[in-house]
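To keep things clear, I will list the structure first and then write my remarks on it.
Readers should treat all values here as calculations from the given coordinates under stated rules, not as data from a laboratory. This is a predicted model, so every value here is computed, not measured. When we count neighbours, we look across all protein chains shown, and the Cβ atoms used for this are built from the backbone with ideal geometry, even at glycine.
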Amino acid sequence: MARISDLQKPLNSGFGMRSSAMDVIQGIDLTGKTAVVTGGYSGLGLETVRALASAGARVIVAARRPDTAATELAGVAGKIEIAALDLGDPASIDAFGASLSGPVHIHINNAAIMANPLTRDSRGYESQFATNHLGHFQLVGRLWDNLVAAKGARVVSVSSIGHRIGAPDLNDPNFETTPYDKWVSYGRAKSANSLFAVELDARGKAHDIRAFSLHPGGIMTNLQRHLPQEEMIAMGWMDKEGNLNPLFKTPEQGAATSVWCATSPQLEGMGGVYCEDCDIAVRHVAGGKAHGEVRDHAVDQDAARDLWALSEKLTGVSYG
C-alpha cells in the first residue's frame, strides 16, 4: 500500500487557477535572498524570474542558451544573473555548481523537454528522463552545500498533470528493452519530478531544506515545440482555428504555483507535497476530476526512496 504524506490536502490558500505570479508574491520581501531558476528565460521560467526579482531576490538564471537568455531578460527589472547550464551534460552541471558561492535560498527546477523523438545523451540515457529528472537531481546535489548554508531553503520541481500517464520504470528507465513512447516517457519523467520532491524533503528536513512539486496548469509555451498542431487539436488543447482551450492559463498564471511554493509563508514547516493552482492538491480517487489531483504513484514515499537510489546509481552523485 502506498505511503503518502498526511500533508497532501488543500490549505484553502485564498489563491486559485487564475492567480498570477505577481498576485502570490505581493507583500513578500526577498531582499538578501538568492534564487536559482533553470530555464528561467522563456514561458513559465521567465515569469517566475520576473516575480522573484520584483520581490528583491537576486535571481540566477541557469540557461542552456545564455545569449538568448540575455535577450529575453533584457527588459526584466531586478538583480538578474545568467549562467550557462545544460541539464543533459553532467560536466556542465558540475561547472555550474562549482561557479556558485554563498547560500541559495530558493531553487526552482523549471526547465524541461516534452514529447520529443527518442534521443540519448552521452551516457546513453533517454533524454526526457535524463534532462527533466536526472539533470535536476545532479544539480541539486551540486548545490547542496549552498542550500544548507541558506538555513531555510526551498527546492521546487515543476511536474505536470502528465504524471498521470504512469510511474517511472525503475527496471528500464531509459527504454533500453521496451519500445520508446514519447508520452509514456514524459509521464514517467514528470512522476519522477514529484517523487524527487518527496524524498528530497525527507532528506532535507534536518538541514531546513523543504521541497515541493507542482502542476503549473496547461500553458502554451516553447515546451510544445515538438508537437504538430494536428496532435494538439486532437488532444483538445486548441481548436482547428488555433484558439486555445479556455482551461489553459497565461504564462503569468502558470508561474504562480511555482512562486507560491517557493515563497508562501502558508507552507512554512511543510514539504514533500504536490501542488496545483496555488494550493496543495488532493489525492486522486476513482472517478475524481483530473485537475487539482495527484495520483498516489507520484507521491509514494517508498517509490520516492527507490527512485533516489536509482538516481544515485545513474548519476554517480550522492547527497542528503
| query | Using a simple spin-label model with points 7 Å from Cα along the Cα→Cβ vector, what separation in nm is obtained for Met22 and Glu268? | reply | 2.7 nm
| task | Only bridges with both residues in the chain count here: give the DSSP antiparallel percent, nearest 5. | result | 10 percent
| task | Just grab the label-to-label distance for Ala91 and Lys151, each label 7 Å out from Cα along the Cβ direction, in nm (one decimal). | result | 3.9 nm
| Which order results if Glu293, Glu47 are arranged by neighbouring Cβ count within 10 Å, fewest first? | Glu293, Glu47
| Separation between Cα centres of region 1-52 and region 156-208, rounded to whole Å | 20 Å
| query | Just the Cα atoms of the chain: what Rg and Dmax do they give in Å? | reply | 18.0, 53
